[in-house]
Amino acid sequence: DVAGQALYAGVSIGITFSRFGYTSPDEVLRDADTAMYQAKALGKGRYALFEPGLHAAVTQRVQLESDLRRALADSALTLAYQPQIELATGRAGGFEALVRWQHPQQGAIRPEAFIPMAEETGLITLLSDFVLHSACAQLVRWHRMNPAWAELTVSVNLSGHDIISRGVVGRVTAALTAAGLAPRHLVLELTEDAVMTRLDAATANLQALRALGVQLSVDDFGTGYSSLARLARLPIDSLKIDRSFVHDLAEGNLEAAVVQAVLTLGSALGKQVVAEGIETLGQADQLRRMGCSFGQGFHLGRPLSAAEATAWLVKH
Ligand code: C2E
Ligand code: MG
Ligand code: MG
């Protein structure tokens, strides 16, 4: 308990063995450190044992980290935009911005492979700023292209780091101002896990962001450990049902019951519910009948480049 704030410390442990024949303390620490990085890479809060093959893995990781640093400096990251559709009308409500990294040697690298590394190294601040600035700027371009598109929104994923960092409100404001975008057109997505594990530290920021006028959405809802009492008090606008529930949705099954419960919860709390990962017409129909307001998924629209998204809007 530090100055009234609950801080949580986690531990990752790396272990090595004298049987590797060390001749100096430095070597022992180096290998234990390597194993500790492995423990972190495997999800933290655990231990890992050193084995000689790990050196190569860690060297690769360090290389990837410096590549990401360069990609950020050279503006080599891009954004894909996935349509979000109002299920009752088929109208496009907006897009979710998803970061893309085309590595010069390794090709496309999935966000799940570099976002955790960006969080660990602190590069996430630069990455989130890049996404915020480009997504807001692109949305303003769409708003100006066609009056019919002037109410589109853009959703940006923030990381757990961002939502507890002191500067986040200023950074979001800077992106809005630079683009000339009204706050209500920006939706910030925070995963349920990121919010709930940092609730004490995040609440003031969430309230300040809400006061600024941006919308807040809880992503991957249903996979974290929400306390319903605390969820009800969170200053958020919408819940995004995790795609795992949508994937296994069928008439009358357990997933349908969970989705129905989330819809009921959302409507009781006055929060919109968005379903993600809609891959079939059947899923879209069922969610619409259940009263889910917005949907996103390959069936409704894949993540597109900005130019493709413009063409998609024209056709839509
Ligand atoms: P998310 O925020 O839940 O984003 C949705 C992910 O589901 C995207 O994967 C999207 O391409 C994928 N998806 C969309 N429709 C479907 C579908 O119908 N079926 C299936 N199976 N998948 C679908 P992507 O782009 O690989 O991103 C993965 C995750 O990485 C995102 O999950 C988000 O948590 C994170 N991420 C992506 N971009 C950013 C970013 O700019 N910043 C941060 N902090 N995280 C990001
Ligand atoms: Mg998201
Ligand atoms: Mg999600």
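Here, each number is a calculation from the coordinates, and none is a lab measurement. Not measured: the values here are computed from a predicted model. Methodologically, a virtual Cβ is constructed for each residue, glycine included, from the backbone with ideal geometry; neighbour enumeration extends over all protein chains shown.
Determine the gain in length on full extension of the stretch Arg46-Phe298; use 0.36 nm per residue of separation and subtract their C-alpha separation, reporting nm with one decimal.
Details: separation 252, 0.36 × 252 = 90.72 nm, distance 3.56 nm.
Taking Arg46 through Phe298 to full extension adds about 87.2 nm, to one decimal.
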Starting at the first residue of segment 301-314, write each ³J(HN,Hα) from the Karplus equation 6.51 cos²θ - 1.76 cosθ + 1.60 with θ = phi - 60°, in whole Hz, x for Gly and Pro. x, 7, x, 10, 5, 4, 5, 5, 5, 4, 4, 4, 4, 4
For the Arg289, Asp200 Cβ pair and Förster radius 51 Å, calculated FRET efficiency rounded to 0.05 is 0.85
Measuring from its Cα centre, segment 1-104 shows a charge dipole (+1 at each Lys and Arg Cβ, -1 at each Asp and Glu Cβ) which, in debye to the nearest 20, is 180 debye
In Å and whole numbers, how far do the C-alpha atoms of segment 226-277 stretch along each principal axis, longest first? 31, 18, 17
Could you pull the Cα extents of segment 22-143 along its three principal axes, largest to smallest, in whole Å? 69, 33, 24
Tabulate in residue order the Karplus-calculated ³J(HN,Hα) for segment 95-110, using 6.51 cos²θ - 1.76 cosθ + 1.60 with θ = phi - 60°, rounded to whole Hz; enter x for Gly and Pro. 9, 9, 7, 10, 6, 10, 10, 9, 6, x, 9, 8, x, 5, 10, 5
With a 10 Å Cβ neighbour count serving as the proxy for reagent exposure, in which order, fewest first, do His143, His185 appear? His143, His185
Residues with amide H under 5 Å from that of Phe95, placed H, sequence gap 5 or more: Gln84, Thr153, Val154, Ser155
For every helix of n ≥ 4 consecutive DSSP H residues, a contribution of -39,500 (n - 2.57) applies; sum these over the chain, divide by its total residues, and give [θ] at 222 nm rounded to the nearest 500 deg cm²/dmol. -15000 deg cm²/dmol
Determine the principal axes of the Cα atoms in segment 1-71, then give the extent along each, sorted from largest to smallest and rounded to whole angstroms. 48, 36, 20
For Arg166, placing the label point 7 angstrom along Cα-to-beta-carbon and taking segment 99-134, residues whose amide nitrogen sits under 19 Å are 122-126, 129
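Which percent of the Cα-Cα distances in the chain go past 26 Å?
Details: 26546 of 49770 pairs.
Considering the chain, 53 percent of its Cα-Cα pairs are separated by more than 26 Å.
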Quick check: Cα centre of segment 134-160 to Cα centre of segment 187-208, how many Å? 22 Å
Among the lysines, select those whose C-alpha is under 29 Å from the C-alpha of Lys40, and discard any that sit fewer than 8 residues away in the same chain. Lys240
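Let me check against my output: what whole-number percent is the relative contact order of the chain, with C-alpha pairs under 8 Å and at least 6 apart?
RCO, the chain: 15 percent.
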Alpha carbon centre of segment 224-243 versus segment 272-302: separation in Å? 19 Å
Taking neighbour Cβ counts within 10 Å as the exposure measure, how do Ser267, Ser238 sort from fewest upward? Ser267, Ser238
Label-reachable residues, segment 49-89, where backbone N falls under 20 Å from a point 7 Å from Arg100's Cα toward its Cβ: 68-85
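Over all distinct Cα pairs, what is the inverse of the mean 1/r for segment 257-316, reported as the Kirkwood hydrodynamic radius in Å? Don't skip to the end; give the middle numbers.
On the way: mean 1/r = 0.0786 Å⁻¹.
This gives a value of 12.7 Å.
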For segment 265-277, just list the computed ³J(HN,Hα) in residue order, Karplus coefficients 6.51, -1.76 and 1.60, θ = phi - 60°, integers in Hz, with x standing in for Gly and Pro. 4, x, 6, 5, 8, x, 10, 6, 10, 10, 9, 10, x
Would you work out the charge dipole size for segment 242-291 about its Cα centre, treating the Cβ of every Lys and Arg as +1 and the Cβ of every Asp and Glu as -1, and quote it to the nearest 20 debye? 240 debye
Rg (Å, one decimal) plus Dmax (Å, integer) for the alpha carbons of segment 203-316? 15.4, 44
Using the Cα gyration tensor of segment 111-160, with a ≥ b ≥ c the square roots of its eigenvalues, what is the shape: rounded (a/c below 1.5), prolate (a/b larger than b/c) or oblate (neither)? prolate
